[in-house]
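The structure appears right after this line, and notes come after that.
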Amino acid sequence: KVFVLMAGLFLSMCSFAQGSNKIYGIINTNDEAALQGATIELLKASDSSLIKVALSNKDGKYEFENILDGQYILSASAVGYQNQQAPALEISSTTILKKDIQLQRAEKSLSEVKVIARKPFVEQKIDRTIINVEASISNTGSNALEVLEKSPGVTVDKDGNISLKGRQGVMIMMDGKPTYLSGENLTNYLRSLPATALDQIEIMTNPPAKYDAAGNSGVINIKTKKNKANGFNGNVSLGYTRGKYGKTSNSLNLNYKKNKFNFFTNINAWSWQGYNDLELTRNFFIQGTKTIDTVFKQYSYQKMLYPGVEGKFGVDYSVSQQTTAGITITGNYENGKDESENTSFMSDASGNLAKIIEAQNLVKPNYRNLGVNGNLRHKLDSAGKEISFDVDYIFYDFSSAQNLNSRFFNAEWIKNRPDENLQGDLPSIVNIYSAKSDYTYPLKKDAKLEAGLKYSHVTTDNNAKYYLVQNGQTFFDSSRSNHFLYTENIAAAYINYNKQWKKWGVQLGLRGENTIGKGEQKVNNQKIDRNIFNLFPTMYVSYAANDKNQFAASFGRRIERPSYQDLNPFRYFLDPYTYQEGNPFLKPQFSYNYQLSHNYKSILNTSVSYNKTTDIFAETLNQYDSLKITYVYKDNISTAINYGISVSANFNVTKWWSTSLYTNVTHNKYEGLIRNKPLNVASTFGTFNMSNQLKFGKGWSGEVGGFARTKGIEGQILINPMGQLNFGVQKQILKAKGTLKLSVKDAFYTMPFHGKFEFHNIDVKVDQSRDSRTVGLTFNYRFGKASEQKRQRQSGAEDEQNRVKKGGGN
């Protein structure tokens, strides 16, 4: 019924639609082959001034929309081809013109190639921000998390949690597919993925209804490099980065296309080492007062080693010109080691030392993943009708072995109680089954209707077993052990309508999702049963006032579901007095997102946003004062109001210097309850990103960039200012097929984290440092024919895989 009503509403709107000025066509070669990557310029006929620029896609297609009345010239160019300029075109009201252009190959090979259109580091579109990863030299030796960390509007906290414009709850995707992970485990994966394997990053604060409704602050889609040229081609990248410890990141991408078959494979191998030095000062008060009873000072020195390998193999088969089928198999293996030395000193309010606790914590996380995706795309006609299907199965096997040894001393370092040894066996199995279908139906007068269905089934089995070793004997610890089972089914449907006429554009969408979740704790036979249906509307309106000014407004409702491991009630111990605990009763949070934006000459973009999130869940710090225990617990804490303004600019300062600037000022306000205690805090903070690209000639180029954020509050924690400054230099070698890049990140070591928790009986100061100042060297070599981007596939398990954690250290 929802589909019928929405379709009737949207179709009735078409009768009121009018035409729009549009030029489109195909760029091909003199042998009639479609040419990808050609630059097409729309020039004003009177003075040849540039109006718009487009790049042809893999099918050679290009288009210009929302063109004002007047006379124009089309100019097309591509490396290795002669420039071609079409005769002047007369454009008047409601003109829709098809203009194909054929480029002739250059007669002589060029000794020097001039790049016509160079991608900037940041591109601002009407509905998203695009980060061109390779355009930034300082990404040399970086990983995916570090690239995100300096992307406009994105912040990464001390634990690797990702926020977008000051709000957490970001949905991370890879090539339109899930990242397989969430929380700190997503952090570990992004740290291991080399930047050399990445092509683009798309940042969408309000995605359309076609995307899963998950991600209350938006979607970040990370696109990896792909090839689809005839014959055999690929690239290899070798990288080494040195901070306090060494890190390697290597990747190999291969592609072979012949006739109707296209085979591709990507392999990434890494060995990531790092450290995390943490100093905590906790004040415990006398019950019901603000009088300090005990000061707990803790020093933790953590060293992490995560070697691993990730592989992808796929094949696409062109059944016909209208039908393409494919299968992709992915796998990931990582075997880590996480060691920490913790020393805690407990004193009274006068500073007199009472107790000392030493703890050695060894965690060995092991992560295995296998995913299979089958897909089919069929073009129903030449007008653009298309239907696609995706079926996915994803399997995860996580295991984590923990050995925590604790020793207890008095103020004179004399043992005053027996040592404790806690051993944990923490396996977790996750299975995801998903199927989806999308349908595109072009309408008359430049309109389009999209619809789709999706169904997913997820099961998780988490069985934590803890053992105490005392006097050489091992005992099963039933108070810490637990067995948690969870099953979830989500059925979804969406419809989306898009229409352009004259200067206006409208996109309306509606997505419905029904969630059925069942959980059971075997230890106490406690059960969870949920059945929720929600509607998620989206709306976009754009207005092209002239060729220099474009305006847009958007609205959307989104959901953020807790990760499967956040629902897991297990405890993960740092030492006997510090642990983290899951919450099986955690509810999803919902957000309402509004945004107004203005784009000037594709150079300056300004946006104003307002967001309201209900039942927001976040990690909270809690204490048992009498036991001197502090634990982290994720809970639904409040309603959050967020509003802000962001400004970005991309322009050429000189012929050899281009710059991208971004700033965002956000005001956050939280109102709610934490463990039945009122929370009412607010703060304003800002972020700033900068990237300067420098061209020196003879294959040399450089970069100066970085980011910074001011002091601000996020939930319970007050975060002090932090940021980093990066430098890079690049040299093209081996006839421009090879590239050497050298980078220095966090040159002045300004990334250490300093923050403070102050909430009722919670008074904790945090100081943390990690291996952020590094020097990296990367060699990249391309071989085979010039690459063309292969079709991007979006699987049917985006949200579900994002909610999986793989365990392991921070």
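The values are calculated or read from the model by the stated rules, or taken from the named source; none is laboratory data. Note that the structure is a prediction, hence the values are computed from the model and not measured. Here the Cβ positions follow ideal geometry from the backbone for every residue, glycine too, while neighbour counts run over all protein chains shown. Only protein heavy atoms, including side chains, enter the accessible area calculation; ligands, DNA and RNA are left aside. Shrake-Rupley method; radii C 1.70, N 1.55, O 1.52, S 1.80 Å.
Looking at Gly371, Gly384, which is the one that is of a type outside the set (Ser, Thr, Tyr), open to solvent by less than 50 Å² (accessible area, probe 1.4 Å) and farther than 30 Å from Asn568 by Cβ?
Among Gly371, Gly384, only Gly384 is of a type outside the set (Ser, Thr, Tyr), open to solvent by less than 50 Å² (accessible area, probe 1.4 Å) and farther than 30 Å from Asn568 by Cβ.
Answer with yes or no whether Thr281 is β-branched (Val, Ile, Thr), in contact with a Lys or Arg (Cβ under 7 Å, 6 or more places away or on another chain) and open to solvent by less than 60 Å² (accessible area, probe 1.4 Å).
Yes.
For Pro307, work out the one condition from (1) touching a residue at least 40 places away in the same chain (Cβ under 8 Å); (2) in a strand (DSSP E or B) it doesn't fulfil.
Only one criterion in (1) touching a residue at least 40 places away in the same chain (Cβ under 8 Å); (2) in a strand (DSSP E or B) is unmet by Pro307, namely (1).
In this structure, does Arg191 turn out to be crowded, with 23+ Cβ neighbours inside 10 Å, touching a residue at least 60 places away in the same chain (Cβ under 8 Å) and of a type in the set (Lys, Arg)?
Here the answer is no, as Arg191 does not meet what is asked.
Consider Lys735 against the criteria (1) out of contact with any Ser or Thr (no Cβ under 6 Å at 6 or more places or on another chain); (2) touching a residue at least 24 places away in the same chain (Cβ under 8 Å); (3) assigned to a loop (DSSP other than H, G, I, E, B): it satisfies all of them except one. Which criterion is unmet?
Every listed condition holds for Lys735 apart from (2).
Pairs only if they're at least six apart or on different chains, beta carbon under 8 angstrom, first in the stretch 638-661 and over 24 Å from Ile713 (Cα atoms), second of a type in the set (Asp, Glu) and open to solvent by 10 Å² or more (accessible area, probe 1.4 Å); list them, first residue then second.
Once the first residue is over 24 Å from Ile713 (Cα atoms) and sits in the stretch 638-661, its partners that are of a type in the set (Asp, Glu) and open to solvent by 10 Å² or more (accessible area, probe 1.4 Å) give Asn650/Glu123.
Any residue in the stretch 79-91 that is over 11 Å from Ile101 (Cβ atoms) sitting within a Cβ distance under 9 Å of a residue that is polar (S, T, N, Q)? List the pairs, counting only those 6 or more apart or interchain.
Listed by first residue and then by second, the contacts come to Gly80/Ser109; Gln82/Gln104; Ala88/Gln71; Leu89/Gln71; Leu89/Thr95; Glu90/Gln71; Ile91/Asn21; Ile91/Gln71.
Kindly provide the set of residues from the stretch 393-421 that are open to solvent by 50 Å² or more (accessible area, probe 1.4 Å) and under 28 Å from Thr328 (Cα atoms), ordered by number.
Hits for the stretch 393-421 are Tyr393, Phe395.
Every residue in the stretch 470-511 that is surrounded by fewer than 16 Cβ atoms within 10 Å (Cβ to Cβ) and either over 29 Å from Lys527 (Cα atoms) or of a type in the set (Lys, Arg) (or both), please.
Across the stretch 470-511, the qualifying residues are Gln470, Asn471, Gly472, Gln473, Thr474, Trp504.
Going through the stretch 585-603 one residue at a time, which ones are in a loop (DSSP other than H, G, I, E, B), at negative phi and open to solvent by 10 Å² or more (accessible area, probe 1.4 Å)?
Phe585, Lys587, Pro588, Ile603
Go through the stretch 772-803 and count every residue that is at pLDDT 80 or above, among the charged types (D, E, K, R) and open to solvent by less than 20 Å² (accessible area, probe 1.4 Å).
Adding up the residues that qualify gives 0.
For the stretch 232-272, give me the residue count where each residue is in contact (Cβ under 8 Å) with a residue 60 or more places away in the chain, in a strand (DSSP E or B) and open to solvent by 80 Å² or more (accessible area, probe 1.4 Å).
Selection size over the stretch 232-272: 4.
Can you find even one residue in the stretch 11-18 that is surrounded by fewer than 17 Cβ atoms within 10 Å (Cβ to Cβ), of a type in the set (Gly, Ala, Ser) and at pLDDT below 70?
yes
Hey, among the residues in the stretch 19-32 that are more than 22 Å from Lys499 (Cα to Cα) and at pLDDT below 80, which one's most open to solvent (accessible area, probe 1.4 Å)?
In this case the residue turns out to be Glu32.
At least 1 residues that are modelled with pLDDT under 75 and surrounded by 13 or more Cβ atoms within 10 Å (Cβ to Cβ) in each: list the strands (runs of 3 or more DSSP E) lying fully within the stretch 74-148 that qualify.
Answer list for the stretch 74-148: 96-98, 122-124.
Tell me, which residue of the stretch 60-69 that is open to solvent by 20 Å² or more (accessible area, probe 1.4 Å) and outside any loop (DSSP other than H, G, I, E, B) is modelled with the lowest pLDDT?
Looking at residues that are open to solvent by 20 Å² or more (accessible area, probe 1.4 Å) and outside any loop (DSSP other than H, G, I, E, B), I get Glu65.
Open to solvent by less than 30 Å² (accessible area, probe 1.4 Å), of a type in the set (A, V, I, L, M) and modelled with pLDDT of 90 or more: does that describe Ala354?
So Ala354 does not fit the description; no.
Only one of (1) charged (D, E, K, R); (2) buried (at least 24 other Cβ atoms within 10 Å of the Cβ); (3) at pLDDT below 75; (4) touching a helix residue (DSSP H, G or I) at 6+ places or on another chain (Cβ under 7 Å) fails for Asp212. Which number is that?
Going through the list (1) charged (D, E, K, R); (2) buried (at least 24 other Cβ atoms within 10 Å of the Cβ); (3) at pLDDT below 75; (4) touching a helix residue (DSSP H, G or I) at 6+ places or on another chain (Cβ under 7 Å), Asp212 breaks only (3).
Out of Lys454, Lys444, Lys465, Lys436, I need the residue that is open to solvent by 30 Å² or more (accessible area, probe 1.4 Å), of a type in the set (Lys, Arg) and out of contact with any helix residue (DSSP H, G or I) (no Cβ under 8 Å at 6 or more places or on another chain). Which one?
The match here is Lys465.
Run down Asp477, Asp446, Asp419 and say which single residue is in contact (Cβ under 8 Å) with a residue 40 or more places away in the chain and more than 36 Å from the chain's Cα centre (by Cα).
Asp477
Any idea which of Ile222, Ile201 is at pLDDT 80 or above, farther than 12 Å from Gly556 by Cβ, surrounded by 24 or more Cβ atoms within 10 Å (Cβ to Cβ) and in contact with a helix residue (DSSP H, G or I) (Cβ under 8 Å, 6 or more places away or on another chain)?
Ile222
Can you tell me which residue in the stretch 285-297 is least open to solvent (accessible area, probe 1.4 Å), limited to those that are of a type outside the set (Asp, Glu) and in contact with a Phe, Trp or Tyr (Cβ under 8 Å, 6 or more places away or on another chain)?
The selected residue is Phe296.
Restricting to the stretch 633-673, and then to whatever is polar (S, T, N, Q) and closer than 30 Å to Phe573 by Cβ, can you tell me which residue is surrounded by the fewest Cβ atoms within 10 Å (Cβ to Cβ)?
My answer is Asn636.
If you take the residues of the stretch 320-343 that are without any contact (Cβ under 8 Å) to a residue 60 or more places away in the chain, in contact with a strand residue (DSSP E or B) (Cβ under 6 Å, 6 or more places away or on another chain) and open to solvent by less than 70 Å² (accessible area, probe 1.4 Å), which of them is farthest from Gln298 (Cα to Cα)?
Thr323
Which residues, taken from the stretch 604-621, are open to solvent by 30 Å² or more (accessible area, probe 1.4 Å) and not aliphatic (A, V, I, L, M)?
Across the stretch 604-621, the qualifying residues are Thr606, Tyr610, Lys612, Thr614, Asp615, Glu619.
In the stretch 33-50, what residues are surrounded by 17 or more Cβ atoms within 10 Å (Cβ to Cβ) and either assigned to a strand (DSSP E or B) or among the β-branched types (Val, Ile, Thr) (or both)?
Result: Thr39, Ile40, Glu41, Leu42, Leu43.
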